[in-house]
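The values are calculated or read from the model by the stated rules, or taken from the named source; none is laboratory data. Just so it is clear, the structure is predicted and the values come from calculations on it, not from any experiment. Here the Cβ positions follow ideal geometry from the backbone for every residue, glycine too, while neighbour counts run over all protein chains shown. Remember, those area values only see protein heavy atoms, side chains included, never the ligands or the DNA or RNA. Shrake-Rupley method; radii C 1.70, N 1.55, O 1.52, S 1.80 Å.
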Amino acid sequence: MLSERRRLRFFAIFSQKRIFEESPPEKGVRFAAYLQVVLPYFLTQTMTAMRLLVTSFLSGFFPRPDLSGRKAVFAYLLLGALVSVGYWPAVGQPIDGVLETYGAALTPCSDPTISFFMEKDLSQGCPAVRVGLRSSASGKVLRVRKLTFELSFAMSAGLPPADVAFQGWPDVPCVVAGCADGGQCWRWDAATHRFIYCFSSASAVDFALDAEPRVLLLFKDSRNCVFRPGLLRIEMDLELDNGQVETCTPPLASTGMFQVCASDLRVRLVTPRGAALSSAYLRISSAKDCVNACILDSIPAEQGFCDVCSGCGFIRVRPFKNEDPGNGVGTYDIVLIQRHISGEKPLKSLYHLMAADVNRDYAINGADIVALRSLILGMPTTPPVESWRFVDPENIVLYPINPLLSQLPDHIISPNPPAKNLTFVAIKVGDVSGNAVLHGLTDGLVEERSDKRPALPVSVGYAGVAYRKGQIFSVPVTYQGDRPLLAHQMALRFDPQRVAFKGTFAGNLPGYDSDNFGLIRAHEGEIRALWIAPDNKAVVLSQTSPVLFYLTFEALTDIAASEAWIALNHDLPCRLWDDQDEEYAMTLTAPRERIEEAAARALEAAVWPSPASSGAYVSLRLPASAGIQLTVRSADGRLILERRWALLAAGEHVFHLPETATLPAGMYVVEVSGGRERCVARFVKH
């Protein structure tokens, strides 16, 4: 037969693993807890543990088997016999008088009317537990010199209490060695999920038990559930009427083992396709029927409505999410907006219209396209006020297919607490095509989707070509796919300690100019580019003219022919779109052998650096051999410099203009003419 101490110890440990009032998902937890606690004891105390197993089944720890007739009579007779001989304490009865405290029994208090209680509390809509002192006699006042208790919790998420409130609790000194630091009487042990309270005073502190002095532990994260709170120890030093001090343990007046969870009501944020959005926040404020005004900001949307604007009959709930403005934004979104503006293919969905209104001026126009181009190319721009917009789907039916977007409410006014889940549709600003990633963030401008795309190859440079230190050279960015091109976007990275960027030239794609490049971080080793086919008509590049554009560099060190000195930068997803609006991932492949490429369409010139603080460089690309005249003029047309070449061969040429180093600050125009061709470039002098 088990000794009293062993029986109490086993019950204390075992009860910490029991789950009452459980939900279906907790059945697996209960079985795991049963194995965790009972199995080791079973191996060491085989016969005793076997008897406890039988008793556990019969007393309801596992779901009771269907018993009827003689089996039921026998089962309950056996249960009564086991309990009467001391194998198991009576189920549901508190353990009064003696509690184990680190293996030592404490003395019951001489006053039988006082007790320590532990109850669940949902008064604020949050999972909470209240503990404290009470008396069955009215007007009872305890004179307490020392109070120590320790509570143990099983937590579904293991989160600490968000708030510890003392209600009806007198002011007590909170300096006790080994208990709590920082001037408070309690601490939370995150490793063991234990709450420890203690205070000690040379003079007694009055506890008026009519007020039921209590401590409320509030767990505001509503993903958290509090299971099986247990009292591990309690000890009091009471000053008696005769002046003596009694050290004792009051009995536990518990409502039984329990679990407490917050309401399941939540704010649901879903995309127009029904996918859930995470990592958003709520702004909750008082709406009406409030005792006091209430404004709560940056509440995680997953938290629910725990402890929200207490005393308000109605609340205003508005989601917001303002991070990673480039998430899901791509060049194809610009294509869709252009088609809408031109009338070629108007956007019909309200959600698409809201996504296309990038600058939130309640109109869809060229300003939205400019904002997206700047965002993709990494240019300085004012980001959207908020990168996500939210709308109550129940209000959508109130507006026509082309609504005044300014009238759409971005909040819901709800009773407090709500009677149902509150649902918002989440729209990523600029993401007309619906590519935004909904879970987790990356460090880049645009987040990657998890689905697989077909790929098309591009290459940079020529195979087998080396460069010497100080050499200025141009390399083609070449398309090696077989699909017509509607649009593309890419970012390239290189080591600015190895090469210095000098300029760009158009290739064989129509409509390529300086506005297609994002060069603000070129000095740091990043170049971005995007292109959309004129009139949204896909372009077919032949095998003899597959160049998207050219880049000009100066080698700062020797570069071997085998070195991979430039690569795609996937901070911006590198993409191509074909004539069927199919999206492809861009991959970098080995460059081709240098071949005689098709001639440029026209004479082209570029000037770098701009702004220039020293002598400028001019890059020329000639479609055919010709005599060339180059002039530099000030902004008012005054001739500053003139150069002539009797004959230059077709191809690329780079010239240094050291005379420009002494020019005063201002804007200058470089004009190049040859044969029937003429082009103009500009640069700024600091």
Checklist entry - Whole-Hz Karplus ³J(HN,Hα) for the range 509-519, in order, using 6.51 cos²θ - 1.76 cosθ + 1.60 and θ = phi - 60°, x for Gly and Pro? => result 8, x, x, 7, 8, 5, 5, 7, 10, x, 10
Item to check | For the range 540-673, accessible area per residue (1.4 Å probe, heavy atoms of protein chains only), Å² | outcome: 47 Å²
Item to check | Sequence-distant residues sharing a close amide H with residue 654 (under 5 Å, placed H) | outcome: 620
Next on the checklist: What are the ³J(HN,Hα) couplings of the range 607-612, residue after residue, when phi is run through the Karplus curve with 6.51, -1.76, 1.60 and θ = phi - 60°? Round to Hz, x for glycine and proline.
Outcome noted: 10, 8, x, 9, x, 10
Checklist entry - For the pair residue 113 and residue 639, how long in nm is the line joining their label points, each one 7 Å along Cα→Cβ? => result 11.5 nm
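Between residue 141 and residue 590, what is 0.36 nm times their sequence separation minus the Cα-Cα distance? Round to one decimal in nm. Don't jump to the answer; show the numbers that get you there.
Details: separation 449, 0.36 × 449 = 161.64 nm, distance 8.72 nm.
Residue separation times 0.36 nm, minus the Cα-Cα distance, leaves 152.9 nm.
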Item to check | Amide H contacts of residue 225 (H built 1.01 Å from N, under 5 Å, at least 5 apart or other chain) | outcome: 156, 157
Next on the checklist: Given R₀ = 25 Å, what would the calculated FRET efficiency be for residue 289 paired with residue 120, taking r from the Cβ atoms and rounding to 0.05?
Outcome noted: 0.35
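Please identify the trypsin sites (Lys or Arg not before Pro) of the range 234-331 that satisfy two criteria: DSSP loop assignment and at most 10 other Cβ atoms within 10 Å. Which are they? Display every interim value, and only then the final one.
Values: sites: 266, 268, 273, 283, 288, 316, 321; in loops: 266, 273, 321.
Hits after loop and neighbour filter: 273.
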Checklist outcome for this item: Counting only residues 5 or more apart in sequence or on a different chain, those whose built amide H sits under 5 Å from that of residue 616 are 657, 660, 661
Checklist outcome for this item: Calc'd 3J(HN,Hα), the range 311-325, phi into Karplus 6.51 cos²θ - 1.76 cosθ + 1.60 (θ = phi - 60°), Hz, glycine/Pro = x, comes to x, 9, x, 9, 10, 9, 10, 9, x, 8, 8, 9, 8, 6, x
Checklist outcome for this item: With label points set 7 Å from each Cα along the Cα-to-Cβ direction at residue 579 and residue 631, the distance between them in nm comes to 4.4 nm
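Report, in listed order, any pair from 321/685; 420/452; 469/685; 288/321; 345/502 with a Cα-Cα distance greater than 31 Å. Write out the running numbers ahead of the final one.
On the way: 321/685 42 Å; 420/452 37 Å; 469/685 27 Å; 288/321 26 Å; 345/502 40 Å.
321/685; 420/452; 345/502, as the Cα separations exceed 31 Å there.
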